[in-house]
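Engineer: Before anything else, here's the structure in question.
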Number of protein chains: 8
Amino acid sequence: MKTKVAIIMGSKSDLPVMSEAEKLLRQFGVKPELRVLSAHRTPLATINYACLAQQRGLQVIIAGAGGAAHLAGVIAAHTILPVIGVPMETHALKGIDSLFSTVQMPAGVPVAAMAIGASGAKNAAILAVQILALEDKKLQQKLRAYKKKLAAAIKGKK
Amino acid sequence: MKTKVAIIMGSKSDLPVMSEAEKLLRQFGVKPELRVLSAHRTPLATINYACLAQQRGLQVIIAGAGGAAHLAGVIAAHTILPVIGVPMETHALKGIDSLFSTVQMPAGVPVAAMAIGASGAKNAAILAVQILALEDKKLQQKLRAYKKKLAAAIKGKK
Amino acid sequence: MKTKVAIIMGSKSDLPVMSEAEKLLRQFGVKPELRVLSAHRTPLATINYACLAQQRGLQVIIAGAGGAAHLAGVIAAHTILPVIGVPMETHALKGIDSLFSTVQMPAGVPVAAMAIGASGAKNAAILAVQILALEDKKLQQKLRAYKKKLAAAIKGKK
Amino acid sequence: MKTKVAIIMGSKSDLPVMSEAEKLLRQFGVKPELRVLSAHRTPLATINYACLAQQRGLQVIIAGAGGAAHLAGVIAAHTILPVIGVPMETHALKGIDSLFSTVQMPAGVPVAAMAIGASGAKNAAILAVQILALEDKKLQQKLRAYKKKLAAAIKGKK
Amino acid sequence: MKTKVAIIMGSKSDLPVMSEAEKLLRQFGVKPELRVLSAHRTPLATINYACLAQQRGLQVIIAGAGGAAHLAGVIAAHTILPVIGVPMETHALKGIDSLFSTVQMPAGVPVAAMAIGASGAKNAAILAVQILALEDKKLQQKLRAYKKKLAAAIKGKK
Amino acid sequence: MKTKVAIIMGSKSDLPVMSEAEKLLRQFGVKPELRVLSAHRTPLATINYACLAQQRGLQVIIAGAGGAAHLAGVIAAHTILPVIGVPMETHALKGIDSLFSTVQMPAGVPVAAMAIGASGAKNAAILAVQILALEDKKLQQKLRAYKKKLAAAIKGKK
Amino acid sequence: MKTKVAIIMGSKSDLPVMSEAEKLLRQFGVKPELRVLSAHRTPLATINYACLAQQRGLQVIIAGAGGAAHLAGVIAAHTILPVIGVPMETHALKGIDSLFSTVQMPAGVPVAAMAIGASGAKNAAILAVQILALEDKKLQQKLRAYKKKLAAAIKGKK
Amino acid sequence: MKTKVAIIMGSKSDLPVMSEAEKLLRQFGVKPELRVLSAHRTPLATINYACLAQQRGLQVIIAGAGGAAHLAGVIAAHTILPVIGVPMETHALKGIDSLFSTVQMPAGVPVAAMAIGASGAKNAAILAVQILALEDKKLQQKLRAYKKKLAAAIKGKK
């Protein structure tokens, strides 16, 4: 089966957070490919990846980066696939720099921004599944089951 | 042809901004339905709308709201469709309140946050088209043409 | 005696903070009920709870949540009881996201926002007691005694 | 009939905003008293007012102030009545200074913070009515009718 | 010799920071009095202290408080002595709440705001000495010596 | 009579705001000298001014500047006189840049920061008078009268 | 004479601000080339421009952009020339988004960030001249003269 | 060979961060001189250093400071050399105070601001090398090699 979701991160140090997205995708039976690609340090490889993504059969690209977080935006500039941005938490500014760099995209080139950090990485996975599920009834069922599990986890609490 | 995209807004005063999304969708030949629904003032109608959205054939829901902007999040809680949130600019806090209320969703219930204000509304439309285009080659062509038009508009400048 | 105050929290992980509200209420002889209910993960249970709160005899609802903290606002949308919101401290944004999501409610649907974190949880309890005390002279005396104790604690210091 | 709600403001220039609270209270048949009292410029009059508020029969005090907005907090220090704080929008910091000065109260002395500006003033009125309504079935009916009117206003839109 | 400088703090937990001010004053041979007085928890004692400060011979009051930090402002409202405010670092908002509550005083009632935390406490002491030194040549010499020591400490470095 | 208070500003464009300080000083019978001196554009003149200030008989220096507002800090580095900083409101960051540059001074070199803008300029004047008043009973009386006038202005209101 | 400085901007609407840089460069006898190039809308043209900049003889690139302002960073990723970033003021977030996106670059790929808006554009020009002046004695003289003119302009004031 | 780059820091405690700049410069074969000089505590030594920098043969000055970080700005006021500012992370405000104090310079006196903390220190070194490389082909080659190493490090990852 073709890989439909990519998880890109700007630095290997983002892996612990971004692997939350991977884990969740795998729970839904979606196997992503992971790449470390930097908008600033490997710009041509990043652009190359973005340009070829659609014809390689990818459907959604998740990109996590921190600070002046240009990764998701650069990828979005080079593809017509939906791009989901995960702002990494940063040391000094706590990810507010990553968030603004990810979400404040100019008209014409959207990035779907998630919450800062691990919650955002998880939600990037869910959003990717929601997009794939539009044409996949089984994923729809899994999403409904997941929503029930979320609720059950809460109800079981306390 | 079925309506696949909904544009929801928390107050009629959001219409000038959110109609930017409508206009852009129509440029792509996608005819959205517009609703004014408030997470706080018409909560049951909002939930009802969200719960029925998928079976009514909708595929993407765009929700714009300001301040303690719960609209996108409330809709996301009640559907498995992708939900795109547009944070409205607000008077005192300039939309940073809307942005945080939209983007900082807990793990499990994603909202795809766009930029604050009109750029965000436009990008919500593009992202919706990108999602629909995954199964629609004509929309893919239109998106590629749109990217070229964006570039041409820049190049024509100066 | 009827339960008049509810303490709701969006996640079981909020319990250590929200139990500060419980402890303080019990010091005043007010026995609250505690529930874990999420605006995003158990939305229908939350709404149901809010809709029935008044006829069950509740008088004040305290709701603590973090991030895109919609819990207090969602409850306020479904009840005419006073709702007190406690913004939880969050990892990246330190609770400023929770505060804005809680306090910036649109006209018509108030939430009484407290300070971020444990001080806010404690003050939610005091405010609930102040409201109940309007029709309860004993609680008034206890509040006056509590104010004296606060002062004495300070004076005893140093 | 006794005056049960007071609207205090730190400066006469706050009147246009705070009169929104007055108007809304009057819609509910609640006649407030208005006072201009400053925590910094008329501190003794402010304290005196706060100390006597309860025995004069007041039940809720709404206080609006801007900048280093100490008014609500100072009043709360001198009464056991519920105090609702409305952070005024300010010129340079847009009311974020007023919000932090109002909401970040220390444990033991709560202020119920509303949104910045006019929405906050309106919601202060609603919250005051919600508190009075706990012992007043007519006000409960009016609050329910008000919620319906809010919804109808939205539905009538667009 | 009369006590000319007071160091007031809103909570005993502020002592480790505020004692930095005390230590530095003592280095200059100025013996301050320390008090724990809270604008919210011992308001009358605070006001009483402020009202009597001048006639007791005090010349400068240093006040440290955190969160909705009203202490310096309340004291300034009740005295014509110069009041120096030290914003305490707070847990969630890191003292930005304390800073805004201290510095954004309305026209007519100044508070001399220092940096957040320990640097601010130290500088409050130096500013107090600078004020006393206006009529005290020995303190002037000590201040000049202190400036030299600061420089020497830097130069000796590295 | 000797000039005891100086009002320095970083740019002539700050004059409308800083002249509020001048006007208020003159109300108290204190005649300040005004200078336009820039920490960045006339650094040597600024330092020269600061170094000679005390021997020229000045007792308090008020410095207003915006953006990376180094003026007050640079003056404080070169004098042992009390220096009061007024953060100017700026176009983009609204004076929060000026405030942080003014107030966050390192230990050893205090600047007494006032509120952003015109209120801060006025309060700089009052603080200067409070300092001079420590050795001037007439100024003390004027300060007490001023406090009464502030209160009367409020009371006369509404 | 070869063009040594480029002024790039992300949108033609940035021209009024960025032309401040052009004007100042021309005052120093440095004739820049201006281009409208967008990191998101004409990404390949932007990269192409950056890659060829050095061999075309350029020595400094000034890049102005707003919001998720990736332009300077993208250029810096593709050249070893010094890149100066000018954060444009934006509507909602006032340029703080542009500033964070410009300045918070990851280690290895510097962008020299200037102040938000027109002051930043002017300073980008001065910094470019300072860099060129390292090998150009005439420019050094002009810079010294410019510094004198700045001072004279201040001194002539008031 | 002449020393062309200086690294100045406001306090010896900044050394661990600023030595990152030194290490990187040495990797490029550039030997900097390091100085601890404070805008506030050793102002005359700082100005003296800045005034003589150019005639001593320095070409670039890197200045790191925290809080009301005036060091880079003060140096820039006294030299026509390019000045690079590194905002130190601070305890309470996390370096946002340092950033604003460094970057928001008035028109006419630029400081090239880097990211907050260690990344900024490293990038200051790279920018200094980029400036020196304009007249040094070997440094150009080293910069190109460095860019490749950055990319290789990323590619080698994962």
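Engineer: Answer yes if at least one residue in region E:134-149 is in contact (Cβ under 8 Å) with a residue 60 or more places away in the chain and part of a loop (DSSP other than H, G, I, E, B), and no otherwise.
Structural biologist: There is no residue in region E:134-149 that is in contact (Cβ under 8 Å) with a residue 60 or more places away in the chain and part of a loop (DSSP other than H, G, I, E, B).
Engineer: Kindly establish whether D:Ala39 is assigned to a helix (DSSP H, G or I) and either small (Gly, Ala, Ser) or within 11 Å of the chain's Cα centre (by Cα) (or both).
Structural biologist: no
Every residue, every condition in (1) over 25 Å from F:Leu99 (Cβ atoms); (2) more than 16 Å from the chain's Cα centre (by Cα), yes or no:
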residue: E:Gly66; (1), (2): no, no
residue: E:Met88; (1), (2): no, no
residue: E:Leu93; (1), (2): no, yes
residue: E:Leu99; (1), (2): no, no
residue: E:Val103; (1), (2): no, no
residue: E:Gln130; (1), (2): no, no
residue: E:Ala151; (1), (2): yes, yes
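Engineer: Of all residues in region A:34-58 being more than 14 Å from chain G (Cβ to nearest Cβ) and of a type outside the set (A, V, I, L, M, F, W, C), which is nearest to A:Gly10 (Cα to Cα)?
Structural biologist: Among those residues, the one meeting the criterion is A:Arg35.
Engineer: Being in a strand (DSSP E or B) and open to solvent by less than 20 Å² (accessible area, probe 1.4 Å) is the filter; apply it to region H:1-33 and report the residue that is nearest to the other protein chains (Cβ to nearest Cβ).
Structural biologist: The selected residue is H:Met9.
Engineer: Within region C:43-77, track down each residue that is surrounded by 24 or more Cβ atoms within 10 Å (Cβ to Cβ), free of Cβ contacts under 8 Å to residues at least 60 places away in the same chain and outside any helix (DSSP H, G or I).
Structural biologist: C:Ile61, C:Ala63, C:Ala65, C:Gly66, C:Gly67, C:Ala68, C:Ala69, C:His70
Engineer: May I pose another question? Between A:Lys137, A:Lys142, A:Lys155, A:Lys148, which is open to solvent by 20 Å² or more (accessible area, probe 1.4 Å) and modelled with pLDDT under 95?
Structural biologist: Going through A:Lys137, A:Lys142, A:Lys155, A:Lys148 in turn, just one is open to solvent by 20 Å² or more (accessible area, probe 1.4 Å) and modelled with pLDDT under 95: A:Lys155.
Engineer: Is region H:103-119 home to any residue that is facing chain G (nearest Cβ under 9 Å), among the hydroxyl-bearing types (Ser, Thr, Tyr) and within 23 Å of G:Pro82 (Cβ to Cβ)?
Structural biologist: yes
Engineer: Which condition from (1) open to solvent by 30 Å² or more (accessible area, probe 1.4 Å); (2) farther than 24 Å from G:Ser11 by Cα; (3) without any contact (Cβ under 8 Å) to a residue 60 or more places away in the chain is the one that A:Ile116 breaks?
Structural biologist: With (1) open to solvent by 30 Å² or more (accessible area, probe 1.4 Å); (2) farther than 24 Å from G:Ser11 by Cα; (3) without any contact (Cβ under 8 Å) to a residue 60 or more places away in the chain applied to A:Ile116, the lone miss is (1).
The rows are residues; the columns are (1) at pLDDT below 95; (2) over 27 Å from B:Lys147 (Cβ atoms); (3) in contact with a Leu (Cβ under 7 Å, 6 or more places away or on another chain).
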{"position": "B:Met9", "(1), (2), (3)": "no, yes, yes"}
{"position": "B:Pro16", "(1), (2), (3)": "no, no, no"}
{"position": "B:Ser19", "(1), (2), (3)": "no, no, no"}
{"position": "B:Val30", "(1), (2), (3)": "no, no, yes"}
{"position": "B:Leu52", "(1), (2), (3)": "no, yes, no"}
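Engineer: A follow-up question, please. Taking the condition of being at positive phi and touching a Gly at 6+ places or on another chain (Cβ under 7 Å), how many residues in region E:106-156 meet it?
Structural biologist: 1
Engineer: Collect the residues in region A:125-148 that are more than 7 Å from chain B (Cβ to nearest Cβ), of a type in the set (A, V, I, L, M) and touching a helix residue (DSSP H, G or I) at 6+ places or on another chain (Cβ under 8 Å), keeping them in residue-number order.
Structural biologist: A:Ala125, A:Ala128, A:Val129, A:Leu132, A:Leu139
Engineer: Here is a follow-up. For A:Ala128, state whether it is in a helix (DSSP H, G or I), under 30 Å from B:Gly57 (Cβ atoms) and open to solvent by less than 20 Å² (accessible area, probe 1.4 Å).
Structural biologist: It is true that A:Ala128 is in a helix (DSSP H, G or I), under 30 Å from B:Gly57 (Cβ atoms) and open to solvent by less than 20 Å² (accessible area, probe 1.4 Å).
Engineer: Next up: Scan region F:44-81 residue by residue and report those that are of a type in the set (Ser, Thr, Tyr) and in contact with an Asp or Glu (Cβ under 9 Å, 6 or more places away or on another chain).
Structural biologist: Those that are of a type in the set (Ser, Thr, Tyr) and in contact with an Asp or Glu (Cβ under 9 Å, 6 or more places away or on another chain): none in region F:44-81.
Engineer: Could you please find all residues in region D:75-97 being within 10 Å of chain E (Cβ to nearest Cβ) and more than 10 Å from D:Val111 (Cα to Cα)?
Structural biologist: D:His78, D:Thr90, D:Ala92, D:Leu93, D:Ile96, D:Asp97
Engineer: Can you say whether A:Asn123 is over 25 Å from G:Gly10 (Cα atoms) and either of a type outside the set (Val, Ile, Thr) or outside any strand (DSSP E or B) (or both), as far as the supplied structure shows?
Structural biologist: Criteria met by A:Asn123.
Engineer: I'm checking my understanding of the structure. Among residues of region B:78-103 that are assigned to a helix (DSSP H, G or I) and of a type outside the set (Phe, Trp, Tyr), which one is most open to solvent (accessible area, probe 1.4 Å)?
Structural biologist: Out of the qualifying residues, it is B:Ile96.
The values are calculated or read from the model by the stated rules, or taken from the named source; none is laboratory data. On a predicted model such as this, the values are computed, not experimentally measured, just so you know. Ideal geometry is used to build each Cβ from the backbone, glycine not excepted, and the neighbour counts take in all protein chains shown. These area figures cover heavy atoms from the full protein model, side chains too; ligands, DNA and RNA do not enter into them. Shrake-Rupley method; radii C 1.70, N 1.55, O 1.52, S 1.80 Å.
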